[in-house]
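The values are calculated or read from the model by the stated rules, or taken from the named source; none is laboratory data. These numbers come from a predicted model, not from an experiment. Virtual Cβ from ideal backbone geometry, glycine too; neighbours counted across all protein chains shown.
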Amino acid sequence: MAESKHSWREDELSLQEVIKKYPDVSPFVILKTDVQRRGVDFTQRAIDAVDPDRDAVVYRGIYSEKNDRIPNGLILRDGTTILADRVVPSSGFNGGRDPYLIDIADGKAVLTDEGKVIEEVGYWPKPDYFDKVTSSGKPMWQVLVARPQRMDINLYQNCDFWKDIGMGCKFCPIAATYSKTKNIKREHLDYQDVAEAVAEALKQPGRFRMIQLCSGSLLGGKELLDDEIDQYITMLKLLEKNFSHKKVMTQLISTAHNERQLRRLHEETILTGYTADIEVLNEEIFNWICPGKAKYIGYQEWKRRLYQAAEIFGPGAVNTGIVSGVELVKPNGFRSEEEALEKGLAEAEELARHGVGVAQTVYRVAEGSYFQKQKAASLDYLTAFAKGLDTLQRRYRQEAYFDDYRTCGNHPNTDLARI
Amino acid sequence: MSIQLNDQMIALINDPKTLKVLASADQDGIPHVVFKGSVSVNADGKLQYLEIIETSQTNRNLVHSIWFRRQVAVGILTQDSRNYQIKGTPVRAVICGELFEKNYIAVRERFGKDADLSTVWIIDPEEIREETFSVQASREREAYPLIGHLDRF
């Protein structure tokens, strides 16, 4: 008798069932969430239909490196963007789920699942600067990442937590990405290369609304993180030459800085938005998953620094990112989704009371991370969490403009703030 | 079900002298009606609307409509006082790419360098009805000949 093959699909609600269960949550956002947690693969004809002159396909950043014909990101009909890595089902790094498959139907790219067309999909457009080179001869796409409306600067392409053995965040592939690519890229980008790429990117009318800076943690300096702060201030000072306004839409995603460092960022630069990702909304699980952050700063101190940032940068300008679903990872995560939801949202509410928003990034198991064989959370749980965070945002009248569907596009809960 | 607008209707909508209003509703069903000169018909026969203001109520309502397949309505008043109502559903919110950038440049050329563009909305027309008073009145007289005050008869 043939052995029966148990499918993950039998254990959890399907996309359609989750859409039905949450009738007031955007079906586009639920789909995005599912695509993010499961990843995507492409049929050969879908790959053949990609136009590298029109679609953004090359990428060098802290989380991945690619130069092929696979699109950097997806966009749905409603403008919802999706950051979804290509997942080869047989790789063993698929988080226990099958990826969606992008195919061509009636001449259009479509997301499919089990052979059924789910929704039309587009790709992030290639920005004009991608084909240009800096005065030092560096291709600009290698020093400046582009989302549909945001440019990303990843100055430090490694992370110091990983240099302290066992201290890297367990879900994070930064060190693995750097290790794989260190023969072709430097650990730190050249400021001038980046400044030239940004100046070129700004020449494209209607393309960019935000500049974001995000790197691995740089712990050194006279005081912890002073090198990191100096790095960002140097970069922001070079960028300010492009603008006549004193402050422009910019966001820093970094380690949590002390009050002196935060004031320097606010007072000396054009920076307007500040994010320090706490990753997990529970101290005990944070200590396990993010040992470096726990060792050098600590969970309570991280929160305190966020509260200070909210006072310095003002309403709506400060939030913290979470890797939504990683808190359920075995063996030390929450035992049930119900407990994770209740405790996570209670913690999010405390942050909201202090003027700090939460940006939910869907946890997808990343190859090269410590957790690469783990399992992603259910769509039902992730949707309930997005809805819960959206409710808090409305209750505490928090704006999400530094991390919304346009300026970021990676957070289901802030996507919901569109209505 | 999508309908095809005829050439005459397309010309009327694309005439800059035609007055156009866009009616939408939020998640609580609260209506919102505003004059929108940027409504036009694109080469595919769909209604196109340029939303300038990202945080406007109309933009929020159109997002709600595309998410939950709720209809919106466009009212048309021509120079010779004919008026029409087109109901349709937003099917695409274009926020980047070639079409977006082309319209972004056009908006700034028209309204000046402080102008911005949030979204190019594409609305699938599904129903059209002439609402000109004389046409409406004769429609009613034909369908309900006995309705009205008796002193008229």
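A few notes on this one:
- The condition of being under 25 Å from B:LEU12 (Cβ atoms) and free of Cβ contacts under 8 Å to residues at least 12 places away in the same chain holds for only one of B:ALA23, B:ALA43, that being B:ALA43.
- Every residue from the range A:26-49 that is within 23 Å of A:TYR405 (Cα to Cα) and part of a helix (DSSP H, G or I): A:PRO27, A:PHE28, A:VAL29, A:ILE30, A:LEU31, A:LYS32, A:THR33, A:ASP34, A:VAL35, A:GLN36, A:ARG37, A:ARG38
- Taking the criterion of being within 20 Å of the chain's Cα centre (by Cα) and either small (Gly, Ala, Ser) or more than 13 Å from chain B (Cβ to nearest Cβ) (or both), the residues of the range A:196-225 that qualify are A:ILE211, A:GLN212, A:LEU213, A:CYS214, A:SER215, A:GLY216, A:SER217, A:LEU218.
- Of residues in the range A:298-332 being in contact (Cβ under 8 Å) with a residue 60 or more places away in the chain and either farther than 20 Å from A:PHE371 by Cβ or in a helix (DSSP H, G or I) (or both), the one farthest from the chain's Cα centre (by Cα): A:PRO315
- Of the residues making up the range B:92-105, those that are within 8 Å of chain A (Cβ to nearest Cβ) and free of Cβ contacts under 8 Å to residues at least 24 places away in the same chain are B:CYS96, B:GLY97, B:GLU98, B:PHE100, B:GLU101, B:TYR104, B:ILE105.
- Some residue of the range B:12-23 being more than 14 Å from chain A (Cβ to nearest Cβ) and either among the acidic types (Asp, Glu) or closer than 30 Å to A:PRO52 by Cβ (or both): yes
- The lone exception for A:VAL121 - which of (1) of a type in the set (A, V, I, L, M); (2) surrounded by 20 or more Cβ atoms within 10 Å (Cβ to Cβ); (3) at pLDDT below 95 it fails: (3)
- Pairs with Cβ under 9 Å, 6+ apart, first in the range A:144-166 and within 14 Å of another protein chain (Cβ to nearest Cβ) and touching a residue at least 24 places away in the same chain (Cβ under 8 Å), second surrounded by 23 or more Cβ atoms within 10 Å (Cβ to Cβ) and among the small types (Gly, Ala, Ser): A:ARG147/A:GLY409; A:PRO148/A:GLY79; A:PRO148/A:GLY409; A:GLN149/A:GLY409; A:ARG150/A:GLY409; A:MET151/A:ALA197
- Every residue from the range B:43-91 that is more than 14 Å from chain A (Cβ to nearest Cβ) and charged (D, E, K, R): B:ASP80, B:ARG82, B:LYS87
- Among the candidates A:SER336, A:SER378, residue that is out of contact with any Lys or Arg (no Cβ under 9 Å at 6 or more places or on another chain) and polar (S, T, N, Q): A:SER336
- Of the residues making up the range B:9-25, those that are of a type in the set (A, V, I, L, M, F, W, C) and either under 13 Å from the mean Cα position of the chain (by Cα) or more than 19 Å from B:GLY45 (Cβ to Cβ) (or both) are B:MET9, B:ILE10, B:LEU12, B:ILE13, B:LEU19, B:VAL21, B:LEU22, B:ALA23, B:ALA25.
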